[in-house]
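The values are calculated or read from the model by the stated rules, or taken from the named source; none is laboratory data. Note that the structure is a prediction, hence the values are computed from the model and not measured. Reconstructed Cβ throughout: ideal geometry from the backbone, glycine too, with neighbour counts over all protein chains shown. Side chains included, ligands, DNA and RNA excluded: accessible areas come from the protein's heavy atoms. Shrake-Rupley method; radii C 1.70, N 1.55, O 1.52, S 1.80 Å.
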Amino acid sequence: MRYLIIIFLSATLIFGCDYLDMVPEKDIETVETIFEQRADADIWLQGLYAVMPSMCTSLESNVAYLGADELAACEYRRNNKWYSGVFKVSDGLEMSQEPYDNVWGPMYILIRDCNTFIENIDNVYNMTDGEKKQWKGEVLALKAYAYFELVRRYGPIVLVPKNLPADANISQLQLPRMHVDTCFKEIVNLLDEAIEYLPTSLAAGYTRKPYIHLEAAYAIKAKALLYAASPLFNGNEFYMDFKGKNGEPLVSTSYDPEKWRLAAEAADKAVEVCEQGGFALCKGTTGKATALLNTMMDIEQTSYSMFSNPEYILEWKIDAWWFPYYTLPRLKSDDVNYSDQVDGSLSPTMKMVEMYYTEHGLPIESDVTWNYASRYQLGKETSVLYKDVVMLNTDVLQLHLRREPRFYACIAADRTYWQRGTNTLWNNYNLPVYAYKGESFGTTMDIVTSNAPQNPGGYWLKKHTQSSINNVNYIGSMGNDNTASVIRLAELYLIQAEAWNEYLGKPNDNVYLPLNKVRERAGIDDVVTAWKSYSNQPGKVDTKEGMREIIRQEINIELAFEGQRYWNLRRWKIAELELNAKQYGWNILGESARTFYNNFEGPIVIWSKSKFTAPRNYLTPIKAEEILISSMVQNPRW
């Protein structure tokens, strides 16, 4: 009961409701009295919604943004007290005594409060039955999503009984962890029940865009079943000895291909419902000077919203400043565009720079028309197709030439352009990226230091920023109205492609067509045309194994820097192959092309302490104190 009232009163603070003015001081608030009036029930509901974003959507609270290998951080950022924990995860230094990504307790408080809402909402006297069902559906789906966040971190979890009393004693609370398949079934069952109550977001009079609607519930279901089918939880030999306290297995070690069919069919249904509900990929920009710039704007628009993006199926409200603050350049050598509101201390790693495709939609090592062997040498761009994107008739690193639109939309590379504001008669804000030491984007320091922010690798992240807002006073100009995508339509298309490819013996249009929807918006050839016409492995698209690699790279590119790769490497069970690698970039102290680009011999190591130990790091440790109190088994090797 103490937690229930805390959550309720916290909601009044979060949403600015003066609840104390509504209830006489002599009255004692209980769950029963709270769920008498609609206004009070609504405060409780808003309190439930307020919990999830606080744990899942900022750089410091969501381990997935910085816990993988997409962004490198300078020493100054790594030493910051708010971020040192997430880097302990990526460097393999996390400990069960005080886990960094410790959402176990807060999520279970949320689940208990969801149960309270579900049990009591029917008692509100001044709501229609239809509205009660809708709110109940939202909370059922929110509870399912809370379970999903727990399962993808911890694997087998505790499922809270619906009838668990608020004053339960210790023995009643010492519940066992359930088999991971049972956990996924509970998630699906909750979503199926929610779907019965939820309206489509296009329903007449629907005004609850910030809340969970029918399309979102279907999307969460597809994503949950994708995880259930993936190698981490489907036939994982790592967990042969992972058993409960009574010796019961907690993860199946035998592979079940039918799980992929369930995921594929759920994704098909989710796409059908979402498309019928009016959700669509961001595309169709026509106001730019070239086709490439139009496509880049389509791509840029996938990374921000305020409950207004047609591609965002589920989104949480966030503090909008945190990504731009750490990724935008300070431009200390540029008197016109300098900003002291940002520090540019995070940089896309070389792995991500090289992850993006060529102009033909192929990996850089697979395109026969692209000079992979000379990628670290200088070249020149002469085609006007790249005007205002790459500097023309200028020495540019070949790695930065003839890349796909998503590369130019998401990565600011040396001797390319980055629009930082709106062009006017007096100022051109399409800034040339000059990255050498002493140049506009380059460092002004003589050493790589831990005492001040520096861009560590020589690249800047464009994604999550708006090109229409200029660099000066960016944070103040953008306001605080933004959301983070939890699931967007492009991800659903990729779930379709992946799930059908894994289920089918040979890829067909069930695999190719959804994948091509994402590629078309990205401005690249369809997957079969690209591989058959330009690749050194034209038969790769004809096999399940070949398409598995292609789909995974497409996922890594399309969802890059969105906190997805951290989880995907784990569910694919390949994290130890990727997350033990060193991070690379360029010599930021170089004052010329030759010194900046390491004598054209390739990138240099900018971080070497990343560590991932299998199978231990595949699952997050439950806090040791929680294990001691609850008598549950701990995750393997913790």
Between THR382 and ASN120, 0.36 nm times their residue separation minus their Cα-Cα distance comes to what? 87.5 nm
First compute the accessible area of the chain with a 1.4 Å probe, then give the percent of it belonging to carbon and sulfur atoms. 51 percent
Taking a ≥ b ≥ c as the square roots of the eigenvalues of the Cα gyration tensor of the stretch 213-316, is the shape rounded (a/c under 1.5), prolate (a/b larger than b/c) or oblate? prolate
Eligible lysines near LYS351 by straight Cα distance, threshold 24 Å, same-chain separation 8 or greater: LYS88, LYS380, LYS437, LYS462, LYS463, LYS540, LYS573, LYS582, LYS609, LYS611
Please state the relative contact order of the stretch 366-487 as a whole percent: Cα pairs under 8 Å, 6+ residues apart? 20 percent
Label-point separation, SER374 to LYS209 (7 Å along Cα→Cβ), nm: 5.0 nm
Could you work out the relative contact order of the stretch 279-433, using alpha carbon pairs under 8 angstrom and six or more residues apart, expressed as a whole percent? 17 percent
Could you tell me what percent of the DSSP beta bridges with both partners in the chain are antiparallel, to the nearest 5? 95 percent
For a test of the definition: using alpha carbon positions, the gyration tensor, and the 1.5 limit on a/c, classify the stretch 256-376 as rounded, prolate or oblate. oblate
Please give the per residue accessible area of the chain, computed with a probe of 1.4 Å over protein heavy atoms only, in Å². 39 Å²
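Would you calculate a helix-derived [θ] at 222 nm for the chain, using -39,500 (n - 2.57) for each DSSP H run of n ≥ 4 and dividing by the full residue count, to the nearest 500? Walk me through the intermediate numbers first.
Values: 25 runs with 257 residues, N = 638.
That comes out to -12000 deg cm²/dmol.
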Sketch the reach of a paramagnetic label on ILE627 as a point 7 Å from Cα along Cα-to-Cβ, and name the residues of the stretch 83-100 whose backbone nitrogen lies under 17 Å away. 93-100
Give the calculated FRET efficiency between HIS179 and GLN537 to the nearest 0.05, with a Förster radius of 51 Å applied to their Cβ-Cβ distance. 0.80
Taking each pair of distinct Cα atoms in the stretch 246-302 once, what is the resulting Kirkwood hydrodynamic radius in Å? 15.4 Å
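Could you work out the relative contact order of the chain, using alpha carbon pairs under 8 angstrom and six or more residues apart, expressed as a whole percent?
Answer for the chain is 18 percent.
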Which of the chymotrypsin sites (Phe, Trp or Tyr not before Pro) found in the stretch 148-207 are loop residues per DSSP with 15 or fewer other Cβ atoms within 10 Å of their Cβ? TYR206
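At R0 = 56 Å, how high is the FRET efficiency between ASP129 and THR595 if r is their beta carbon distance? Nearest 0.05 is fine.
Working from the Cβ atoms, E equals 0.20.
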Give me the log10 of I(q) over I(0) for the stretch 375-490 at q = 0.14, 0.16, 0.20 Å⁻¹, as the Debye formula computes it from C-alpha points; what are the numbers? -0.72, -0.92, -1.25
Potential lengthening between ASN393 and GLN97 on full extension [0.36 nm per residue; Cα-Cα distance subtracted]: 100.8 nm
Would you rank MET355, MET52, MET306 by solvent-accessible area, highest first, keeping every protein chain in place and using a 1.4 Å probe? MET306, MET355, MET52
Difference of contour (0.36 nm per residue) and Cα-Cα distance, SER468 to TRP638: 56.5 nm
